[in-house]
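K.L.:
After the structure tokens below, expect a handful of questions from me.
The values are calculated or read from the model by the stated rules, or taken from the named source; none is laboratory data. These figures come from a predicted structure and were not determined experimentally. Please note: Cβ atoms are built from the backbone with ideal geometry, for glycine as well, and neighbour counts cover all protein chains shown. Accessible surface areas use protein heavy atoms only, side chains included; no ligands, DNA or RNA. Shrake-Rupley method; radii C 1.70, N 1.55, O 1.52, S 1.80 Å.
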Amino acid sequence: MLEEIIRLDKKYYMNTFGDRLPVCFERGEGLKLFDENGRVYYDFLGGIAVNALGHGHKEFISALKNQLDKVIHTSSLYYIENQARLAQRIVESTCADKVFFANSGAEANEGAFKLAKIYFYKKGVEKYEIITLDKSFHGRTLATVAATGQEKYQKPYKPLTPGFKQVKPNDFDAISAAVTDKTAAIMIELIQGESGVHPMDREYVQKLRKLCDEKDIILIFDEVQTGMGRTGHLFAYRMYGVEPDIFTCAKALGGGIPIGAVCAGKKVSSAFEPGDHGTTFGGNPFAAAAGLAVFDIYEKENLVENAAKMGAYITERLSALAEKHGDKITEVRGAGLLIGIQLKDEIAKAVFNTLFADGFLTSLCGGNTIRIAPPLIITESDADLFIDELDKVLED
Ligand SMILES: *Cc1c(COP(=O)(O)O)cnc(C)c1O
């Protein structure tokens, strides 16, 4: 069966993902995923920070089914109850004043760029440059690739969308030197996910806020990965005590149903006016129902608190492991349930492969870092399974 799927994939699907991991999942339950032979895998990646509720969450599924029975899609031409209510939920629990829904992280970031640019356009100020960071990841569309500070993603697509430039992360002098009178926005991830879980320093982020205030620059946080409780805070900006002018969100927002959001504070939230931006699918009745159910379940099950608690537990145990295997683990980084375990370069790939072979899903990023982003419903005994397994793998 798997051989057949691989054959079809190779024949009919564009090969952007190379040789994928040789498994195809049939169903899931909590942290567990089962392949077609019923073999269990423990999902410590959560669809890359998407499946915050785990798999097959009963209440989530029933909310989705309930919405399917009513209506899936109408149109942005009409008012959409779930969309309005989900926007309200986000605004009432964050620094945002208004929200616009997209279908993905990249698309939410595109919306953020457009919002920052149109803000100055409407003021009659000629500002259009956007500064981002090296090692960042903002998506795969043309503008978000131009924003993504990784040569491997940009190279085939030059000339890139103009107006973007990258500077060294956590280096305030570098970013202030890059600011010109044309700088419209600075966009950063508070914890760079894709390139290996690299958190920004608190002082750096606070200085950025000041710089943006002084120079009238829109500060954008890409919280596509760090948002929705991942770091033990509903959004990571709270951990830094710094409010952005815009933050974007996607991955966990729909619990696996595609939805992204551009969330804007008072300063810029009214810059989009009729005709300035749009979407066919963004925040449709079904996707927004998923977002609403995610918020309901987060509240009922205290999942943000659980992410903080379990994040602290896992980090403590991993730190002990780092001490024990000081010759193999070089650093443990992250916040809440977004954790990078950096290994000696020469063993990282083998450790990742062994974890997979033993039924543990993680990701290898930045070349030498095992990233975990497990569902927020994770328990101590789930976490122990992974840490004991990693301990065992590092013993060998
Ligand atoms: C995943 C991710 C994106 C892109 O999201 P897509 O839904 O794949 O377009 C953008 N920014 C960050 C920080 C991400 O982690």
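K.L.:
Got a number for residues in the range 162-204 being on the phi > 0 side of the Ramachandran plot and within 19 Å of the chain's Cα centre (by Cα)?
P.N.:
First pass over the range 162-204, keeping only residues on the phi > 0 side of the Ramachandran plot: 163, 170, 196-197.
Imposing the further condition that a residue be within 19 Å of the chain's Cα centre (by Cα) reduces the set to 196-197.
Residues that pass the stated criteria total 2.
K.L.:
Something else about it: Scanning for something assigned to a helix (DSSP H, G or I) and in contact with a Lys or Arg (Cβ under 9 Å, 6 or more places away or on another chain), does the range 69-82 turn up at least one residue?
P.N.:
No, because not a single residue in the range 69-82 is assigned to a helix (DSSP H, G or I) and in contact with a Lys or Arg (Cβ under 9 Å, 6 or more places away or on another chain).
K.L.:
Something else: Looking at the range 141-168 only, could you name the residues that are within 13 Å of the ligand (Cβ to nearest atom) and in contact with an Asp or Glu (Cβ under 7 Å, 6 or more places away or on another chain)?
P.N.:
Within the range 141-168, Thr141, Ala143, Thr144, Gly149 meet the criteria.
K.L.:
Tally the residues that are surrounded by fewer than 16 Cβ atoms within 10 Å (Cβ to Cβ) and more than 22 Å from the chain's Cα centre (by Cα), restricting the search to the range 303-323.
P.N.:
Residues in the range 303-323 being surrounded by fewer than 16 Cβ atoms within 10 Å (Cβ to Cβ) and more than 22 Å from the chain's Cα centre (by Cα): 4 in total.
K.L.:
Also, quick follow-up: Could you please find all residues in the range 130-149 being of a type outside the set (S, T, N, Q) and within 24 Å of Ala96 (Cβ to Cβ)? Step through it out loud before you land on a result.
P.N.:
Narrowing the range 130-149 to residues of a type outside the set (S, T, N, Q): 130-131, 133-135, 137-140, 142-143, 145-147, 149.
Once the filter is applied, which keeps residues that are of a type outside the set (S, T, N, Q) and within 24 Å of Ala96 (Cβ to Cβ), the range 130-149 yields Ile130, Ile131, Leu133, Phe137, His138, Gly139, Ala143, Ala147.
K.L.:
Looking at Ala52, is it in a loop (DSSP other than H, G, I, E, B), within 16 Å of the ligand (Cβ to nearest atom), closer than 21 Å to Cys263 by Cβ and in contact with a helix residue (DSSP H, G or I) (Cβ under 8 Å, 6 or more places away or on another chain)? Full working, then the answer.
P.N.:
Working: in a loop (DSSP other than H, G, I, E, B): yes; within 16 Å of the ligand (Cβ to nearest atom): yes; closer than 21 Å to Cys263 by Cβ: yes; in contact with a helix residue (DSSP H, G or I) (Cβ under 8 Å, 6 or more places away or on another chain): yes.
In short, yes.
K.L.:
Can you tell me which residue in the range 139-170 is farthest from Gly367 (Cα to Cα), limited to those that are among the β-branched types (Val, Ile, Thr) and part of a loop (DSSP other than H, G, I, E, B)?
P.N.:
This residue is Thr161.
K.L.:
So, one more: So which residues in the range 37-64 are farther than 16 Å from Phe386 by Cβ and touching a Phe, Trp or Tyr at 6+ places or on another chain (Cβ under 6 Å), if there are any at all?
P.N.:
The one that is farther than 16 Å from Phe386 by Cβ and touching a Phe, Trp or Tyr at 6+ places or on another chain (Cβ under 6 Å): Leu53.
K.L.:
Suppose we keep only residues that are open to solvent by less than 10 Å² (accessible area, probe 1.4 Å) and part of a loop (DSSP other than H, G, I, E, B) within the range 101-138. Which one would you say is farthest from the ligand (Cβ to nearest atom)?
P.N.:
Residue satisfying both the conditions and the ranking: Ser136.
K.L.:
Can you say whether Lys65 is outside any loop (DSSP other than H, G, I, E, B), within 16 Å of the ligand (Cβ to nearest atom), surrounded by fewer than 19 Cβ atoms within 10 Å (Cβ to Cβ) and among the charged types (D, E, K, R), as far as the supplied structure shows?
P.N.:
So Lys65 does not fit the description; no.
K.L.:
Being closer than 13 Å to Glu389 by Cα and under 18 Å from the mean Cα position of the chain (by Cα) is the filter here; which residues of the range 324-362 pass it?
P.N.:
Within the range 324-362, Leu361, Thr362 meet the criteria.
K.L.:
Now for a different question. Could you check how many residues of the range 224-245 are over 15 Å from Tyr204 (Cβ atoms), aliphatic (A, V, I, L, M) and either at pLDDT below 95 or within 16 Å of the ligand (Cβ to nearest atom) (or both)?
P.N.:
Of the residues in the range 224-245, 2 are over 15 Å from Tyr204 (Cβ atoms), aliphatic (A, V, I, L, M) and either at pLDDT below 95 or within 16 Å of the ligand (Cβ to nearest atom) (or both).
K.L.:
Looking at this structure, is Val50 β-branched (Val, Ile, Thr) and buried (at least 21 other Cβ atoms within 10 Å of the Cβ)?
P.N.:
Values: β-branched (Val, Ile, Thr): yes; buried (at least 21 other Cβ atoms within 10 Å of the Cβ): yes.
Against the criterion (β-branched (Val, Ile, Thr) and buried (at least 21 other Cβ atoms within 10 Å of the Cβ)), Val50 qualifies.
K.L.:
Which residue is nearest to Arg371 (Cα to Cα), if the candidates are limited to the range 43-93 and must be free of Cβ contacts under 8 Å to residues at least 60 places away in the same chain and of a type in the set (D, E, K, R)?
P.N.:
Filtering first and then ranking leaves Lys58.
Every residue, every condition in (1) in a loop (DSSP other than H, G, I, E, B); (2) among the small types (Gly, Ala, Ser), yes or no:
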| residue | (1), (2) |
| --- | --- |
| Ile5 | no, no |
| Met14 | yes, no |
| Gly18 | yes, yes |
| Pro22 | yes, no |
| Glu26 | no, no |
| Tyr42 | no, no |
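K.L.:
Keeping to the range 348-369, report how many residues are part of a helix (DSSP H, G or I), free of Cβ contacts under 8 Å to residues at least 60 places away in the same chain and surrounded by fewer than 21 Cβ atoms within 10 Å (Cβ to Cβ).
P.N.:
Going residue by residue through the range 348-369, those that are part of a helix (DSSP H, G or I) are 348-357.
From what's left, free of Cβ contacts under 8 Å to residues at least 60 places away in the same chain: 348-355, 357.
Restricting the remaining residues to those that are surrounded by fewer than 21 Cβ atoms within 10 Å (Cβ to Cβ) gives 349-350, 353-354, 357.
Of the residues in that region, 5 qualify.
K.L.:
Consider Ile372 against the criteria (1) surrounded by fewer than 21 Cβ atoms within 10 Å (Cβ to Cβ); (2) touching a residue at least 12 places away in the same chain (Cβ under 8 Å); (3) out of contact with any Pro (no Cβ under 7 Å at 6 or more places or on another chain): it satisfies all of them except one. Which criterion is unmet?
P.N.:
Result: Ile372 fails condition (1) only.
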